[in-house]
Amino acid sequence: MDHSRHFYIDGRWVAPARPRDLAVIDPSTEEVCATISLGDQAATDAAVAAARRAFDGWAATPVAERIDALERILAAYLKRSEDMAQAITAEMGAPIDWSRQQQVTSGDWHFEAFLAAARAMDWERPLGPHAPGERIFHEAIGVVALITPWNWPMNQIALKVAPALLAGCTMVLKPSEISPLSGLVFAEIVDAAGLPPGVFNLVNGDGPGVGSQLSVHADVDMVSFTGSTRAGRLISKAAADTIKRVSLELGGKGANIIFSDADEKAAKRGVARCFGNSGQSCNAPTRMLVQRDRYAAAVEIAAKAAEETPVINAHQEGRGIGPVVSAMQFDKIQALIQTGIDEGARLVAGGTGRPGHLNRGYFVRPTVFADVTPDMTIYREEIFGPVLSITPFDTEEEAIAMANDTEYGLTNYIQTADKDRLHRVARRLRSGMVECNGKGFGKGSPFGGMKQSGSGREGGVWGIHEFLEVKTVSDWE
C-alpha cells in the first residue's frame, strides 16, 4: 500500500509534517504487516478545515447527485473487494473466508441499504393539511467526525460515511489505529470515485490524539463514534463544551434466552453466534440463559460445539475462528477466563492459553462456562472474545429480569416456538434490538442500543437522520 504513511486531506494524499510511525501487527503472526503515521493537531486541523471549506457546496448539491456519488463509491468498492479482504485479515485477524463473506460484504450491504433509503426519503415536505404553508426541511448537520473501531472496520465505516455523505455532510474519518489498513483502502476507493475535494478526509491516529482533537474541535458539528463504553463517556464529555451532537454505538452483553420449546439447534446456533468474529462483536449473545429442563443438554451441546470450533491462522482458507486483535486484547481475555475459574464458574470447554496446535499469535481457546451466576465478573463484563457463559432459569419473568440485569442494552435474543411468548418477552427486553429464533435483521434495519450501549441509530433511514438537522419554515406557499 503506497499510502500507508499518508493522510487523505482535501482530495489528495498528504505526508505528515512530523512522522509518528506506528507498526500494524498481524495478530496471526505477531509480526509487523505495515507501518502507518499517527496524526497530530496540525493534521487534524487541516482535515477539519478542508471539510469546512467543502461543506457549503456539498450540502447544496441535489440529493440525486449525492446518491450518484455513493453509487460510484459502491462500484469502486466492489472492484477492490479482494484488496479489502486481505487488508482486514492482516490487520485484525479475521479468517480470509470470513473477511470475504462477512467483513467486506457488510460494507456493500449497507451502501445498498442507504441508497434505497435515500431514494425513498421525504427530504422536504409540508407539515400537514392543518398548516399547508409550512415546510419541513432535512438538512446536513455540518462537518462530522467519524471514529470507527477495529472489530468490524468496513461495517462501521459504511454505516457512518454513507449516511453522512447522503445527508450532505463533509467528514473526517479516523479509523482505529489497530486496524487502519482497510480505512486506507477505502480512502483510495473514495479517491477513485471522484468526490469534490474536502468532502471526505482521513487522518490516522489514536484516541487520546486525533480522536480527542476531533471531539473538542470547534469546527466539528457532530461526532459519530463506535467503540467501548469507556471511550464513549470520554467523547461525550469532550464534546459537551461545544454542544456537539454525539452518536454512540458502544458495548453489549447480550442475553440469549432459550425456552423449553426452542428448536433443537438453538444452543448450537447460540454458540456459533457468540464465537463469530472470534467473539469480537458488541452484539454477540455472550450470556446464554436456558430454561431448567433444557439446561443440562444445552451445556453439553455448547461444550461440544466449542470443542469442535476450529481455530485457524487468519490467512488460511476454510471454516474457523482466527486470533483476537492484539496482545492487549489477548491478555484481557485470558485474565477474565481465569477470573471465571477463580469465582467458581464451571469450565466445560476451553480455558486459558492458546489452542495446543498454535504457539504464536493471539489465539484464544473457544471457552464455555456453565453455572454462571449474576454476581460473577464474566456474567457482567464485556469480554470481547470467544467466551460463553451459561445460566439456568425457571420462569419467563425470571428470564426477563436476568436479561435486563445489565448496564448494557444493545441486542438480546429469544428462542421459542410460542409466538405469544416471543411477543411478550421482546416487548419487555430493554435493548435496541431483539433477534428471535436465529432470524437476522433486514437491510436498512436500525442498529443501536439503550442504556450504556449508546445513543442514536445506524442503518437505513434512521442512520441518515442521525446526520440531519430539521428546519421548519413558515409561509412557504
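Things to note:
- Of the residues making up segment 449-458, those that are buried (at least 24 other Cβ atoms within 10 Å of the Cβ) and either at positive phi or of a type in the set (Lys, Arg) (or both) number 1.
- For segment 420-477, filtering for residues that are in a helix (DSSP H, G or I) and in contact with a strand residue (DSSP E or B) (Cβ under 7 Å, 6 or more places away or on another chain) leaves 3.
- Within segment 100-114, residues that are outside the structural domain of LEU159 (by TED's automatic domain parsing) and touching a residue at least 24 places away in the same chain (Cβ under 8 Å) reach no partner that is aliphatic (A, V, I, L, M) and part of a helix (DSSP H, G or I) with beta carbons closer than 6 Å at six or more positions or on different chains.
- Those residues of segment 320-333 which are in a helix (DSSP H, G or I) and of a type in the set (A, V, I, L, M, F, W, C), in sequence order: ALA327, MET328, PHE330, ILE333
- For segment 175-205, a residue qualifies if it is in a loop (DSSP other than H, G, I, E, B), surrounded by fewer than 21 Cβ atoms within 10 Å (Cβ to Cβ) and more than 17 Å from the chain's Cα centre (by Cα), and the qualifying residues are GLY194, LEU195, PRO196, PRO197.
- Condition check for ALA267: buried (at least 22 other Cβ atoms within 10 Å of the Cβ) and farther than 18 Å from ARG365 by Cβ: yes
- So LEU336, is it in a strand (DSSP E or B) and out of contact with any Pro (no Cβ under 7 Å at 6 or more places or on another chain): no
- Selection within segment 337-364 - touching a Lys or Arg at 6+ places or on another chain (Cβ under 7 Å) and under 28 Å from ARG294 (Cα atoms): GLY350, GLY351
- Residues considered: ARG365, ARG354. Of these, the only one that is touching a Phe, Trp or Tyr at 6+ places or on another chain (Cβ under 7 Å), of a type in the set (D, E, K, R) and surrounded by 14 or more Cβ atoms within 10 Å (Cβ to Cβ) is ARG354.
- Once segment 377-410 is narrowed to residues that are more than 21 Å from ILE333 (Cα to Cα) and β-branched (Val, Ile, Thr), the residue that is farthest from the chain's Cα centre (by Cα) is THR395.
- In this structure, ALA297 does not qualify as in contact with a Leu (Cβ under 7 Å, 6 or more places away or on another chain) and closer than 16 Å to THR391 by Cα.
- Test for ASP219: is it within 18 Å of the chain's Cα centre (by Cα) and surrounded by fewer than 24 Cβ atoms within 10 Å (Cβ to Cβ): no
- Looking only at segment 443-465, residues that are more than 16 Å from the chain's Cα centre (by Cα) and farther than 28 Å from ASP405 by Cα come to 3 in all.
- Members of segment 1-44 that are among the hydrophobic types (A, V, I, L, M, F, W, C), in a loop (DSSP other than H, G, I, E, B) and in contact with an Asp or Glu (Cβ under 9 Å, 6 or more places away or on another chain): MET1, ALA17, LEU38
- Checking each residue of segment 251-261 against the condition of being of a type in the set (Phe, Trp, Tyr), in contact (Cβ under 8 Å) with a residue 24 or more places away in the chain and surrounded by fewer than 24 Cβ atoms within 10 Å (Cβ to Cβ) gives at least one match.
The values are calculated or read from the model by the stated rules, or taken from the named source; none is laboratory data. In this text, all values refer to a predicted model and were calculated from it rather than measured experimentally. Cβ atoms come from the backbone with ideal geometry, glycine included; neighbour counts cover every protein chain shown.
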